[in-house]
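Below is one structure, written out as structure tokens; comments come after it.
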Amino acid sequence: MGSPPSASLKQNNLIFLVFIMILFFCSIPDKANLCSNQSSVNPSGVPYKSSSNISSLETLQLDGYFSFDHIDYAAKDFGNRYHFLPLAVLHPNSVSDISNTIKHIFKMGSTSKLTVAARGHSHSLQGQAQAHQGIVINMESLQGPEMQIHTGELPYVDASGGDLWINILHETLKYGLAPKSWTDYLHLTVGGTLSNAGISGQAFKHGPQINNIYQLEVVTGKGEVVTCTEKQNAELFYSVLGGLGQFGIITRARISLEPAPKMVKWIRVLYDEFSKFSNDQERLISSKDSFDYIEGLVIINRTGLLNNWRSSFNPKDPLQASRFTSEGKTLYCLEIAKYFSPDESDIMNQKTESLLSELSYISSTLFLSEVSYVEFLDRVHLSEIKLRSKGLWEIPHPWMNLLIPRTNIIEFAQEVFGNILTGNSNGPILIYPVNKSKWNNRTSLITPDEETFYQVAFLSSAMPSSTGRDGLFHILAQNQRILDFCSKAGLGAKQYMPHYSTQEEWQAHFGPQWEVFVKRKSTYDPLAILAPGQRIFRRK
């Protein structure tokens, strides 16, 4: 989903078309044990440093170390809206460092209110990896066995919870292998994405990343180090996957692999009718021999859209493409990819042409490109570099990710893209369907109650100090209008990477699974030490 650099702010936003959802993108307690969202997102001043807590932590024998000063960075994340300063940052050199720290806090019981948050590559959106006056664990400093790759009948890689997916890609490719399911952005940690789901354009085929895990090593809220699989300590295994960090910290994962392709046929086409767009998407994800990657985008009143594509794609019909205009229109972009090896190029082209012939896109908007597998999967990183150079990376990102049942997606699109979003969007809007049959319903992830549902991601960027349509207040209000509509219309929508303010909202999100979620919390983290930034449970 890459886009070329542009000179104007609106065109810079187009670069964000590659962005994830980062992916990247959680006994029943009473109300006193359930956190509501804190109203202040920028607590002022330096955190109060309890000398007793610091002294207590300093007694621990660690392979790594604690930092108590110059730790402001641990109160920041990609969302750039919530800034809760911790008491300390743990830089673990071993899993025992994490275990001993949590075990120490657990043994202190109610005499301590310390909490612990695992911080990966800091791409949380709403402070989920922060711990106000608590301990943030820098997972990227975790040392352990090097990545181990098994090349047998069922290949897999054993990786640290702090490893980045981009590093896993490069290492497994040395053996001609790669993970099956990805996020759009690869500079995220294994533990971070597995605590949510890990969704991208391969999810219709392989399910999210949490469906492609054989084994986990987890440190629970009691400080216990537990190895778990679907057969061994199965309840903890499924609790942690998609569990928003509530039941344990993932320190190692065994990830399923498949033979890796070398090249990708990367295609974009446009639609001017949502029903044709969604029908084609649903046809493709139900086909036995379809594309390997299927996503979609909503594009509102974009100037010179196809000209911007030309730096990365080639139009099938340059003359017709030059006559197409996107200004003043709401368009829907189908983005698809077919993996192949160079010696299979002819067969791949035949299959691609056959699949495209069944679709109802605007013929003049067919754009194609061939890139390496690595270039395709890591496409977002180039955009990150461009955005950083323009000062457009470390700004507020009031993103919102929804899962919408298929039967209600037309009603959703008509209201949201027809009435609520009436001007240029402040970032890309991703929309594509997935097959629930590919998602394991034993994990903690909550999805709509239909076989097919859509991932819809509003990946907005807010300009600092702006009070206009690109300002934080306007975007948040717009997000709330969308949520209110979903609720009033009874669409059965669920938030992905959820964020709620009240106990009632969390209970409504989990629905019948709420009691199971709470029971699991009391089993694996009874003092609610872990992941306080999710603001689901209050420290006991």
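Quick notes on this structure:
- The modelled label-to-label distance between Q495 and E344, using points 7 Å beyond Cα along the C-beta direction, is 4.1 nm.
- Residue-count net charge about N349 - beta-carbon cut-off 11 Å; Lys, Arg +1, Asp, Glu -1: -1
- The range 139-252: equivalent-ellipsoid semi-axes (sqrt of 5 x gyration tensor eigenvalues, Cα, Å): 21, 16, 14
- Charge tally in the Cβ shell below 12 Å around E370, where Lys, Arg are +1 and Asp, Glu are -1, E370 excluded: +2
- Those lysines that a straight Cα-Cα span of less than 19 Å connects to K329, excepting residues fewer than 8 apart in one chain: K10, K276
- The range 234-336, relative contact order [Cα under 8 Å, separation at least 6], %: 37
- The label-point distance for N419 and Y214, in a model that sets each label 7 Å from Cα toward Cβ, rounds to 5.2 nm.
- In percent, rounded to a whole number, the relative contact order of the range 403-501 is 37, using alpha-carbon pairs under 8 Å and six or more apart.
- Put simply, the range 263-495 fits an ellipsoid with semi-axes of 28, 23, 18 Å; these come from the alpha carbon gyration tensor as the roots of five times its eigenvalues, largest first.
- Considered as an equivalent ellipsoid built on the Cα gyration tensor, the range 404-540 has semi-axes of 29, 21, 13 Å, the largest given first.
- Charges were assigned to the Cβ only: +1 to each Lys and Arg, -1 to each Asp and Glu. The resulting dipole of the chain about its Cα centre is roughly 1040 debye.
- For the range 148-260, size of Cβ-based charge dipole, Lys and Arg +1, Asp and Glu -1, in debye: 60
- Taking amide H as placed 1.01 Å from N in the peptide plane, the amide H of I137 sits under 5 Å from that of L90, A117, A118, R119, each at least 5 places away or on another chain.
- Value of Rg to Rh for the range 459-498, rounded to two decimals, is 1.08; Kirkwood radius and Rg both from alpha-carbon coordinates.
- Share of carbon and sulfur in the accessible heavy-atom surface of the chain [1.4 Å probe, %]: 47
- Modelled this way, with points 7 Å down the Cα-to-C-beta line, the labels at S287 and N435 are 1.3 nm from one another.
- Matching label, Rg and Dmax of the Cα atoms in Å computed from the structure shown, candidates (1) 34.8, 113; (2) 22.4, 81; (3) 22.9, 73: (3)
- Label zone at S275, where the point sits 7 Å out along the Cα-to-Cβ direction: the range 417-435 residues whose backbone N lies under 18 Å: 417-419
- Placing R0 at 56 angstrom, the Cβ-Cβ distance between L368 and H104 gives a FRET efficiency of 0.45 after rounding to 0.05.
- Along each principal axis, Cα extent of the range 471-540, largest first, Å: 39, 29, 17
- Antiparallel %, DSSP beta bridges [both residues in the chain], to 5: 90
- Normalised by the number of residues in the range 263-495, the average gap of Cα pairs under 8 Å and 6 or more apart makes the relative contact order 26 percent.
- When the helices of the chain are scored as -39500 (n - 2.57) per DSSP H run of n ≥ 4 and the total is divided over every residue, the value at 222 nm lands at -7500 deg cm²/dmol.
- Positive-end ranking of S364, Q148, H70 along the dipole of the chain, with charges on Cβ about the Cα centre, is headed by H70.
- Residue-count net charge about K262 - beta-carbon cut-off 14 Å; Lys, Arg +1, Asp, Glu -1: -3
The values are calculated or read from the model by the stated rules, or taken from the named source; none is laboratory data. Treat the numbers as computed from the prediction; the structure is a model and nothing was measured. A quick note on method: Cβ atoms are made from the backbone with ideal geometry, for glycine too, and the neighbour counts reach across all protein chains shown. The accessibility values were calculated without ligands, DNA or RNA, using every heavy atom of the protein model including side chains. Shrake-Rupley method; radii C 1.70, N 1.55, O 1.52, S 1.80 Å.
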